[in-house]
Structures are given as structure tokens and as C-alpha cells.
Amino acid sequence: MMLFVLFAGIFCPVIGQSTFGLPQLAYPAFAFGMHDQDSFPDVLASGLDANGNIITEVYDNVSGTSFSSTSAGLTKVWRAAAAWADYDNDGREDLFVCGDQGKNTFVSKLYRNVGGVLTPTSDVFEGYGSGSTFWADLDNDSDLDLFITGLTNRHGLRSVIYENTGSGFREITDSAFIGLEEGDADFGDFDNDGDLDIVISGVPAEGGGRVMIFENQGGMVFSPNHNSFRGLHSGSSRFMDVDGDNDLDLVTVGASPGFSAEVYQFDGSSFLASRFMLTKISRGVAAEIDYNLDGLPDVILCGSSKQAQRLEVYRNIAGESFQKDQLAYPLGGMSNARIYVRDMNKDGYPDFLVAGHDAGEIPRTYIYRYFPALTPPRFQ
């Protein structure tokens, strides 16, 4: 893996895979969280190494300069999804991980953070793989609930909420969710009614691709939104306020079945196709990052386009359009890409980790750090 730093206004590679300490993994999944409470974000890494071995490990961030393996003893999975959150309100972030132990044997594990030691809990969750997960307070009771979507051994494709009761978790089964794999899930209050809604995308049981929003009606009851979106899979669907009008819009990318990138603006009642343009991709992701700190969401996009693999950064121009910025050090894009945004060195500017497969299907992991050396600040 390579870390990129800025010299004289350009990104230059620091050569040496051992320098920064993170693994290069096929079918990667990463998740940033606070494992050791030192205020530098640590990272969970999961996937397959060069020898086909399953890797699932927490790497502590050493003062923003490198990552060090913790040998946390986690159950090893790939085709994974993971999320950190302080579900028990004790001031420490805990970790949920789900994935494939091998030969389509799916497992889900919740680890409580006890003084920096990740300890498996006795909570029982169905095993999931090839999916997505997040923590969010879906019932407005001031603790975090768990959402999972993906493939299971017992029930096939499922999307489910585990309600945090304060003493354990209760599976919510009477929901309108559909099961999906090879997709994504996100949450946000798009209709500004005070509770969190959910968007999911991926492959349903009948095949093809779907993008669906589910409105939170309160009391852990969700109903499908009436809007119709271009179906996709092997991509991402993310809420973000692209036009700065204080309600959430929707950005989707993925296979549809070809290549797709859509920005839907919410006008208060419906999601409408917009003037915001992104390169159409599949097997990738579009992630939000406000790298110039102007309060408007910029976008990082990585995946396979019709012409080539892409890694692109788009600046939000006054909530009116996206403008592609140029990275001075050309990395080339990736497929099966994942992007994770975090301020890794506490300089006040967001950085990002991108992982996936290069044009030769070789796993790659890169970290971009942002240095505001130019005026106006930008990636170059």
C-alpha cells in the first residue's frame, strides 16, 4: 500500500508497503472508528490477502503517521461489512462485523469495547455476507440500532433492523424492506420530519438491480417511498445535500446493467433528475467529502467506466454543479472499489482511503491526505 503526501503542490508516493501498515486486500471492507480512544481514527480491515487467506483485523492509528496491527483476535470473514458505534453509551466505540467465514458460511459478530479490548457479546444475530450495515438511532430513543442487508444462510436475501432495547437487541421482522446483495445502504432524514429514513440498493432475489428509499413512520415502521429510481447493483446509494437547500438529495452509481451515475435532487416532495453530472461507473462507489470546507458536499468517485477504471474528485460549485478536479499524481482507477473518508491526522481536513482492484485485478489500497497548499484548496 502507498501513502500519498504533498510536496510543492502535488501528491508524491512514499514507497514501501510496510511504511503505513495497512494490508492490500481483495474484496476489501474497511471501517474507521475509535478503538483506543487517542482521538486518531483506527480502522478495521477485512478481505483476502495475496495468498487467499481471510484477513479481519483492527489497525490502530499511530499519531496519524502509520497503522499498527492490534492482533485483536476477531472472527475472520471476507465479503464483509463492518461499522463502529458506541451502542451501549459507555463512551467507547464498539464494533459490528459480518461476512463469509468461507464456503458461504455467514456470521455476524458484535464486539464490545472494554478498555480497548474488543470482547464478543452474547447477542445473537443472523449471519450476513455480501451486504452492507450501519448504526443509527432509528427509533429516536437516544441509543443506536443496527441495520443489515445481504445474503444469509437461513433466509436467503434479507434486510433487517435490530432494535437496541438497552439490554439487548430485538429483531424487527414486520418491515417492508426487501433483501439485497452486492449493494449499499445509507440513512438520513430526507423529508425533515425528525426521524431517519433508509436507502438501499443492490441485487434482489429476482435479479437485476434496485434502488429503494424507505420512509420512517415512527415506531420502527418503514414504508417504501413512491419515487422510482434507476435500478443498480455493485455500486452505492448515498444521501447528501448536493444543492445546499437543507434537504437531502440522492447520489447513486453502479451497474444498471451497464454503467450508471445519477444525482436526484429532492424538491420537498419528489426526487428529480438533476443537472449534476458524474462519470458513469459500475463496480464502484461515490462518497461525500467536503475537502474545501465550504459546507457543500464534494464527491469522490471510483470504479470501472466504459473506457477505463476511474478515480475522480468532483468539487461542488455553489450547489449548482460538480466540476472534476485533476490529481497531479495519476494513480489510475480501481474496480470493486470502496472509499472511506476521515480526517486521519487531525489537521482539520478530510482524507480518504480507497481500496479495490487495479486493471490487472491486483488488490490495491491507497490513502490520500489533503494538504491545503494551494489557493483555493484543492486536490492536485
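I'm trying to understand the selection: among the residues of region 215-233, which are free of Cβ contacts under 8 Å to residues at least 60 places away in the same chain and assigned to a loop (DSSP other than H, G, I, E, B)?
ASN225, HIS226, ASN227, SER228, PHE229, ARG230, GLY231, LEU232
Say whether the condition of being at pLDDT below 95 and surrounded by fewer than 23 Cβ atoms within 10 Å (Cβ to Cβ) is met by at least one residue in region 232-251. Quick ask: steps written out before the conclusion?
Of the residues in region 232-251, the ones at pLDDT below 95 are none.
No, because not a single residue in region 232-251 is at pLDDT below 95 and surrounded by fewer than 23 Cβ atoms within 10 Å (Cβ to Cβ).
Quick one: is ALA136 touching a residue at least 60 places away in the same chain (Cβ under 8 Å) and closer than 29 Å to ASN336 by Cβ?
Values: touching a residue at least 60 places away in the same chain (Cβ under 8 Å): yes; closer than 29 Å to ASN336 by Cβ: yes.
For ALA136, the condition - touching a residue at least 60 places away in the same chain (Cβ under 8 Å) and closer than 29 Å to ASN336 by Cβ - is met.
Report, ordered by the first and then the second residue, all pairs with beta carbons closer than 7 Å, sequence separation of six or more or different chains, a first member in region 242-256 that is within 11 Å of ARG230 (Cα to Cα), and a second member that is aromatic (Phe, Trp, Tyr).
THR252/PHE229
Working only within region 112-125, note down all residues that are within 25 Å of ASN153 (Cβ to Cβ) and assigned to a loop (DSSP other than H, G, I, E, B).
Listed by number, the residues that qualify are THR121, SER122, ASP123, VAL124, PHE125.
Of the residues LEU196, LEU180, LEU248, LEU232, only one is under 14 Å from LEU138 (Cα atoms) and either among the aliphatic types (A, V, I, L, M) or in contact with a helix residue (DSSP H, G or I) (Cβ under 9 Å, 6 or more places away or on another chain) (or both); which? Even if it seems obvious, please write down each step before you answer.
Numbers: LEU180 fails: under 14 Å from LEU138 (Cα atoms); LEU248 fails: under 14 Å from LEU138 (Cα atoms); LEU232 fails: under 14 Å from LEU138 (Cα atoms).
After applying the criteria, what remains is LEU196.
Enumerate the pairs (first residue in region 47-62 and on the phi > 0 side of the Ramachandran plot; second residue anywhere and part of a strand (DSSP E or B) and of a type outside the set (Gly, Ala, Ser)) with beta-carbon separation below 8 Å, excluding pairs fewer than 6 apart on the same chain, so at least 6 apart or on different chains.
Pairs that qualify, where the first residue is on the phi > 0 side of the Ramachandran plot and the partner is part of a strand (DSSP E or B) and of a type outside the set (Gly, Ala, Ser), are GLY47/TYR27; GLY47/PRO28; GLY47/ILE54; GLY47/ILE55; GLY47/TRP78; GLY47/PRO363.
On the given criteria, is PHE352 in contact (Cβ under 8 Å) with a residue 40 or more places away in the chain and under 28 Å from VAL62 (Cβ atoms)?
In short, yes.
For region 161-188, how many residues are surrounded by 15 or more Cβ atoms within 10 Å (Cβ to Cβ), in contact with a strand residue (DSSP E or B) (Cβ under 6 Å, 6 or more places away or on another chain) and either under 22 Å from GLU93 (Cα atoms) or not polar (S, T, N, Q) (or both)?
Restricting attention to region 161-188, the residues satisfying the condition of being surrounded by 15 or more Cβ atoms within 10 Å (Cβ to Cβ) are 161-164, 169, 172, 175, 177-188.
With in contact with a strand residue (DSSP E or B) (Cβ under 6 Å, 6 or more places away or on another chain) added as a condition, the list becomes 161-164, 169, 172, 175, 177, 179-188.
Pick out the ones that are also either under 22 Å from GLU93 (Cα atoms) or not polar (S, T, N, Q) (or both) and you get 161-164, 169, 172, 177, 179-188.
Final tally of qualifying residues: 17.
What do you reckon, is TYR366 closer than 28 Å to HIS35 by Cα, surrounded by 14 or more Cβ atoms within 10 Å (Cβ to Cβ) and modelled with pLDDT of 95 or more? Steps first, answer last, please.
Working: closer than 28 Å to HIS35 by Cα: yes; surrounded by 14 or more Cβ atoms within 10 Å (Cβ to Cβ): yes; modelled with pLDDT of 95 or more: no.
So TYR366 fails the test.
With ARG112, ARG154, ARG158 as the choices, which residue is basic (Lys, Arg), farther than 27 Å from ALA72 by Cβ and surrounded by fewer than 20 Cβ atoms within 10 Å (Cβ to Cβ)? Reasoning before the result, please.
Details: ARG112 fails: farther than 27 Å from ALA72 by Cβ; ARG158 fails: surrounded by fewer than 20 Cβ atoms within 10 Å (Cβ to Cβ).
ARG154 is the lone residue from the list that is basic (Lys, Arg), farther than 27 Å from ALA72 by Cβ and surrounded by fewer than 20 Cβ atoms within 10 Å (Cβ to Cβ).
Just a yes or no: is a residue in region 107-122 touching a residue at least 12 places away in the same chain (Cβ under 8 Å) and under 17 Å from the mean Cα position of the chain (by Cα)?
There is no residue in region 107-122 that is touching a residue at least 12 places away in the same chain (Cβ under 8 Å) and under 17 Å from the mean Cα position of the chain (by Cα).
At least 1 residues that are of a type in the set (Ser, Thr, Tyr) in each: list the strands (runs of 3 or more DSSP E) lying fully within region 31-111 that qualify.
Values: elements: 42-48, 54-62, 66-69, 78-85, 94-100.
Answer list for region 31-111: 42-48, 54-62, 66-69.
Report those strands (runs of 3 or more DSSP E) wholly inside region 144-214 carrying at least 2 residues which are under 20 Å from the mean Cα position of the chain (by Cα) and over 22 Å from THR252 (Cα atoms). Outline the logic, then answer.
Numbers: elements: 145-152, 156-164, 169-172, 181-188, 197-203.
Ranges flagged: 145-152, 156-164.
Looking at region 27-59, which of its residues are among the small types (Gly, Ala, Ser), buried (at least 19 other Cβ atoms within 10 Å of the Cβ) and more than 15 Å from VAL97 (Cα to Cα)? Quick ask: steps written out before the conclusion?
First, pick out the residues of region 27-59 that are among the small types (Gly, Ala, Ser): 29, 31, 33, 39, 45-47, 50, 52.
If we keep only those that are buried (at least 19 other Cβ atoms within 10 Å of the Cβ) too, we end up with 29, 31, 33, 45-47.
Correct list: empty.
The values are calculated or read from the model by the stated rules, or taken from the named source; none is laboratory data. Computed from a prediction, not measured in an experiment: that's the story for all the values here. FYI the Cβ positions are ideal-geometry reconstructions off the backbone, even for glycines, and counts take in every protein chain you see.
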